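Everything on this sheet refers to the single structure shown next.
The values are calculated or read from the model by the stated rules, or taken from the named source; none is laboratory data. All values reported here derive from a predicted model rather than from experimental measurement. All Cβ positions, even for glycine, are placed from backbone atoms using ideal geometry, and neighbour counts span all protein chains on display.
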């Protein structure tokens with residue numbers, strides 16, 4: 001199985017990692033910055049796989065210079 005590479009945090013540049021979160025009876029995997037603790041938001045009502053969480057974390061728009 002190939003490891004999913006996570007981009008640095010878009011806010012502080014810190015390293016990100018996968019974290020298990022538990023809400024009620026559901027188990028979620030989110031990506032969270034180890035420095036500022038910002039994280040992806042789990043999809044409500046469904047468990048989220050690490051691939052989906054990584055895709056959500058790595059998806060971002062590039063800043064435009066004016």
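Of the residues making up the range 21-52, those that are modelled with pLDDT of 75 or more, touching a helix residue (DSSP H, G or I) at 6+ places or on another chain (Cβ under 9 Å) and either part of a loop (DSSP other than H, G, I, E, B) or over 19 Å from residue 6 (Cα atoms) (or both) are 40, 41, 42.
All of (1) at pLDDT 90 or above; (2) in contact with a strand residue (DSSP E or B) (Cβ under 9 Å, 6 or more places away or on another chain) hold for residue 59 with one exception: (2). Taking the range 8-20 as the range and being assigned to a strand (DSSP E or B) and either exposed (fewer than 14 other Cβ atoms within 10 Å of the Cβ) or out of contact with any strand residue (DSSP E or B) (no Cβ under 6 Å at 6 or more places or on another chain) (or both) as the test, the residues that pass are 17, 20.
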